[in-house]
1. Tell me the label-point distance for the pair B:E346, B:D322, using the 7 Å Cα-to-Cβ offset, in nm and rounded to one decimal.
2. When the accessible area of each residue in segment A:83-105 is compared between its chain alone and the complete protein assembly (1.4 Å probe; ligands, DNA and RNA ignored), which residues differ by at least 50 Å², being lower in the assembly?
3. Roughly how crowded by other chains is peptide B:233-243, in terms of the mean Cβ count from those chains within 10 Å of each of its Cβ atoms?
4. Between B:W209 and B:K132, how many nm apart are label points set 7 Å from Cα along the C-beta direction?
5. Loop-only check: which trypsin sites (Lys or Arg not before Pro) in segment A:1-78 are DSSP coil with at most 13 other Cβ within 10 angstrom?
6. Please give the residues from segment B:320-342 for which the solvent-accessible area of heavy atoms, probe 1.4 Å, is smaller by at least 30 Å² with all protein chains in place than with the chain isolated.
7. What shape does segment A:5-100 take by its C-alpha gyration tensor, where a ≥ b ≥ c are the square roots of the eigenvalues and a/c under 1.5 counts as rounded, a/b above b/c as prolate, and the rest as oblate?
8. Do any residues of segment B:281-304 show a loss of at least 50 square angstrom of accessible area between the isolated chain and the full protein assembly, using a 1.4 Å probe, and if so which?
Amino acid sequence: MTQPLIKVNLFFSGGLEILFDNIKQKTVEISSSINPPNQTKMEDLIKWIRENLIKTKPELFMTGNTIRPGILILINDVDWEVEGELEYTIKDGDNIHFLSTLHGG
Amino acid sequence: MCSIEDSPIIFDEVKIKPEVKICIKCKTSTATILIRHSTYCKPCFQHVFVGKFRKNMEKYKTSNSKIDEKVMIGLSGGPSSRAMLHLLSEIFSHELSKKQSFTEVWVCHIDENSIFNLKDSTINQVEQIVQKYNSLFIGLRIEDIYSDEFTSNMEFGQVLKISIDKSKQQEFNEFNATIRQNKELSNKEKLQSLLECISNLTSKEDFVWYLKLSLLIQTARKKGCTRLFLGDCSTRLATKIISLTSKGRGSSLPIEILGENNYFGDVIISRPMKDMISKEIGLYNHYLGFETVFIPSLTSLQPSKSSIERLTEDFIVGLERDYPSTVSTIARTGSKLTISNSIDDENRCALCLMPYRNENKFFQNRITLTKIPSSISTTNDCNTATNNCNDHCNPVTVSCSQSCCSDCIKPTKLDHQNIEINNTLCHACRVNMRDINEIFLPPYVAEEAKRQNRRLDLRKNIEEFLIDDIDDDQ
Ligand SMILES: [Zn+2]
Ligand SMILES: [Zn+2]
């Protein structure tokens with residue numbers, strides 16, 4: 001049985017876009033349950049991005065199973081640190097910003 | 001130095017996830033931001049952020065401000081300086097209307113794209129941002145440091161070449177002649193050949209930063225600005241505290257990190273963003289919809305260990321994630337540093353302009369295993385061990401053509417003269433020069449080296465008449 005798809009708007013800035021062929025915004029459709037039977041969480045989304053969108057140097061996007069320190073994540077303009085970080089359940093229509101605060105991207 | 005109010009350096013508060021998501025300030029709205037251990041709603045976050053900035057600015061005004069001050073803002077276009085431009089402009093527009101302290105505001109941007117051989121310039125992008133504010137704009141390129149106007153006497157128009165290795169003197173003479181015939185070697189090419197001969201990224205980053213700093217200070221002077229605002233945030237300052245120490249630049253640390261200092265005399269350096277962490281700045285810019293310019297660095301897309309600075313940044317932001325007081329603790333500790341009394345503030349490194357210790361070459365030989373300069377085999381009179389090899393073996397020299405310096409001390413028949421530069425460099429800059437055989441340096445370096453040498457000669461001549469400080473004490 002295929003899981004319904006959800007639409008997510010991704011934004012990359014602060015130099016992070018250089019890992020994505022300079023693409024700053026991309027709308028993607030992903031499964032609402034990348035890792036069944038659980039619903040798709042932030043952790044799954046980050047991994048999905050690494051596997052499907054990154055063009056170069058994935059280690060500059062992720063360290064271990066999470067985002068590289070120094071990269072901010074905003075979920076619908078809310079700091080992901082108050083949204084449960086990796087545990088946040090992705091919803092249809094979410095706007096998710098990845099913003100590097102590191103020197104030189 | 002430590003007072004009781006200062007919280008001790010603690011690393012035992014591992015991040016605790018806040019349970020209740022209510023803003024700690026207004027205590028009514030739902031929190032959307034977590035800074036260190038505090039949750040804020042958007043309006044309260046902005047209020048606190050702007051408040052912190054204003055508080056710093058108030059401090060500067062009461063301490064060092066002059067009436068009718070002209071100021072310059074250094075704007076890379078990156079997040080911190082972008083936010084600073086907005087925050088300062090708000091203060092300035094208020095003051096200009098009341099005809100208080102600041103009378104003229106310049107914004108200076110230095111385009112670094114030549115380093116990466118990029119065709120596009122960042123100047124237009126940054127200028128578009130500045131146009132929204134009531135400021136004067138000056139856009140420079142980093143290679144402009146090679147042009148005559150960025151020296152004190154404005155006529156030191158000369159490509160300078162340092163020859164560490166005497167065996168290459170012949171080659172150097174030929175090269176020097178070629179350059180002067182061959183006027184089309186652009187400033188950009190000079191900069192690129194300088195960077196090409198520096199093999200490691202740590203030294204390269206160092207060079208780029210000090211060329212930029214010199215360019216900013218000279219530009220501020222030219223425009224009559226008595227204050228230069230730099231956008232270093234606390235995350236950046238914490239990184240600098242660790243990386244500068246690792247690079248042997250501990251003695252100039254206070255100058256490079258303090259919120260305000262007048263080491264450069266006529267141009268005061270202010271860092272009003274010093275208490276904001278990069279996360280706060282990122283969020284502030286995001287909420288206000290500020291566009292920033294992506295400024296690549298020499299370590300962009302490079303691994304962690306590519307340079308000391310890059311490694312330090314990764315280390316600090318990594319720690320900060322799990323221990324959210326890391327940055328503020330390091331930055332607060334660093335801000336207590338003062339310039340050592342043992343530093344003679346007339347001893348200024350010709351390259352980075354930072355103070356160096358007296359007897360720097362002996363200091364160097366005592367503390368380091370690195371031999372500087374490296375070409376020990378070229379001289380016969382120096383076959384001893386490295387630590388005995390002092391500068392007399394292979395002096396680093398700067399050459400400048402006769403015509404450029406009206407006040408040359410010893411006119412010679414040669415069409416260039418060598419200026420010894422080694423004894424006018426700080427420890428870290430000497431380390432940077434270690435594997436360089438020949439190098440183009442901008443004219444300001446030779447100018448400064450000449451000035452320093454003249455001062456040192458003078459001092460030597462009158463030395464026996466000087467009364468030592470020690471005698472005074474007895
Ligand atoms: Zn609030
Ligand atoms: Zn130096």
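The values are calculated or read from the model by the stated rules, or taken from the named source; none is laboratory data. Everything numeric in this text was worked out from a predicted model, so none of it was measured. When we count neighbours, we look across all protein chains shown, and the Cβ atoms used for this are built from the backbone with ideal geometry, even at glycine. Areas reflect the complete protein model, heavy atoms only, side chains present, ligands, DNA and RNA absent. Shrake-Rupley method; radii C 1.70, N 1.55, O 1.52, S 1.80 Å.
1. 5.2 nm
2. In segment A:83-105, residues shielded by partner chains: A:T101, A:H103, A:G104.
3. Per-residue shielding by partner chains comes out at 1.
4. 2.9 nm
5. A:K24, A:K55
6. For segment B:320-342, once contacts with the other chains are taken into account, B:R321 lose 30 Å² or more.
7. Rounded is the answer for segment A:5-100, as its axis ratio a/c remains below 1.5.
8. Residues meeting the cut-off: B:H286, B:F294, B:L301.
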